[in-house]
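> Quick one: this structure, given as structure tokens, is what I'll be asking you about.
The values are calculated or read from the model by the stated rules, or taken from the named source; none is laboratory data. Small disclaimer: the values here were computed from a predicted structure and weren't measured. Note: ideal-geometry Cβ built from the backbone for every residue, glycine included; neighbour counts use all protein chains shown. Calculation scope for accessible area: heavy atoms of the full protein, side chains included, ligands and nucleic acids excluded. Shrake-Rupley method; radii C 1.70, N 1.55, O 1.52, S 1.80 Å.
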Amino acid sequence: HLAAMLAVGVWSAGSARRRWVAPLVFVAMLLAGAMLAQAGLAFAAVEAMIAGSLIVVGLLLVSPKQLSLLLGSLALGGFALFHGAAHSHELSGAAALAGMVLGTAVLHGLGIALGVNLRRQSVWLPRVAGLGVALFGIGLLA
């Protein structure tokens with residue numbers, strides 16, 4: 001989960017004017033996924049979808065052609081439902097959910113700062129980071 005949260009921020013750093021769009025969508029869908037799972041909705045293949053989120057966000061970083069902010073945010077938000085569902089079993093009460101949301105937002109912010117710094121140094125560094133994240137996701141599926 002940590003790698004995904006940071007990687008979403010790193011990818012978001014590529015959008016100079018709307019850096020918080022994807023993180024906000026992710027956080028909202030994370031909360032929705034947790035609440036839906038706590039209400040009894042069963043999510044299939046949660047761990048595989050979490051690994052898939054790492055592969056997708058990694059590939060978003062690797063690609064020299066940027067996916068639109070809207071499409072990327074929606075894709076990442078869809079995966080966030082599964083991240084939220086996974087955490088829902090560990091959490092009870094509004095304070096725990098608020099902590100999950102706040103923690104995720106902080107990790108996204110750190111990812112944005114990391115992404116901005118990586119991009120300042122080289123166009124290749126975010127791509128290398130993305131490759132690492134994607135390979136990590138593939139490793140989780142193995």
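> Which of [x] 14.4, 46; [y] 14.5, 44; [z] 16.0, 49 is the computed Rg and Dmax of the Cα atoms in Å for the structure on display?
Among [x] 14.4, 46; [y] 14.5, 44; [z] 16.0, 49, the one derived from this structure is [x].
> Sticking with this structure for a sec: Among 44, 34, 129, which one shows the biggest mean-square fluctuation in a GNM of the chain, springs joining Cα atoms closer than 10 Å?
Of 44, 34, 129, the most mobile in the Gaussian network model is 44.
> Kindly list the residues of segment 1-29 that lie in the label zone of residue 47, defined by a backbone N under 18 Å from the point 7 Å along the Cα-to-C-beta vector.
Residues passing the 18 Å test: 1-4.
> Which angle from 0 to 90°, rounded to the nearest 10, does the C-alpha axis of helix 69-88 make with the longest principal axis of the chain?
Long axis of 69-88 versus the principal axis of the chain: about 40 degrees.
> Does segment 73-135 come out rounded, prolate or oblate, given a ≥ b ≥ c as the square roots of the eigenvalues of its C-alpha gyration tensor, rounded meaning a/c under 1.5 and, failing that, prolate meaning a/b above b/c?
Details: a/c = 3.12, a/b = 1.99, b/c = 1.56.
Since a/c reaches 1.5 and a/b is larger than b/c, the shape of segment 73-135 is classed as prolate.
> Assuming a ≥ b ≥ c are the square roots of the Cα gyration tensor eigenvalues, decide whether segment 1-61 counts as rounded (a/c under 1.5), prolate (otherwise, with a/b larger than b/c) or oblate. Each step should come with its number before you reach the end.
Values: a/c = 3.29, a/b = 1.57, b/c = 2.10.
Oblate, since a/c reaches 1.5 and b/c is not below a/b.
> Could you order 11, 124 by accessible surface area, starting with the largest, using a probe radius of 1.4 Å?
Values: 11 10, 124 155 Å².
Heavy-atom accessible area, descending, gives 124, 11.
> Can I ask one more? In sequence order, what are the phi-derived ³J(HN,Hα) couplings for segment 95-102 according to the Karplus relation 6.51 cos²θ - 1.76 cosθ + 1.60 with θ = phi - 60°, rounded to whole Hz, with x for glycine and proline?
Per-residue couplings from phi come out as 5, 5, 5, 5, x, 4, 5, 5 Hz.
> Where the accessible area of segment 44-142 is counted over protein heavy atoms with a 1.4 Å probe, how much of it, in %, is carbon and sulfur? Display every interim value, and only then the final one.
Values: 3850 of 5150 Å².
Percent of accessible area from carbon and sulfur atoms in segment 44-142: 75.
> What's the longest piece of the chain with no exposed trypsin sites (Lys or Arg not before Pro), counting a site as exposed if DSSP puts it in a loop and it has at most 14 other beta carbons within 10 Å?
That gives 66-142 as the longest site-free run.
> Here's a follow-up. Calculate one ³J(HN,Hα) per residue across segment 121-131 by plugging θ = phi - 60° into the Karplus curve 6.51 cos²θ - 1.76 cosθ + 1.60, and present them in order as whole Hz with x for glycine and proline.
7, 6, 5, 7, 4, x, 5, 5, 4, x, 4
> Turning to a different aspect of this structure: Taking the chain as the reference, fit the longest principal axis to its C-alpha atoms, fit the long axis of helix 46-62 to the helix C-alpha atoms, and give the angle between the two in degrees, 0 to 90, nearest 10.
Tilt of helix 46-62: around 20 degrees.
> Could you report segment 43-142's accessible area per residue, 1.4 Å probe, as an integer in Å²? Present the calculation step by step, with values, prior to reporting the outcome.
Values: 5190 Å² over 100 residues.
Per residue, segment 43-142 has 52 Å² of solvent-accessible surface.
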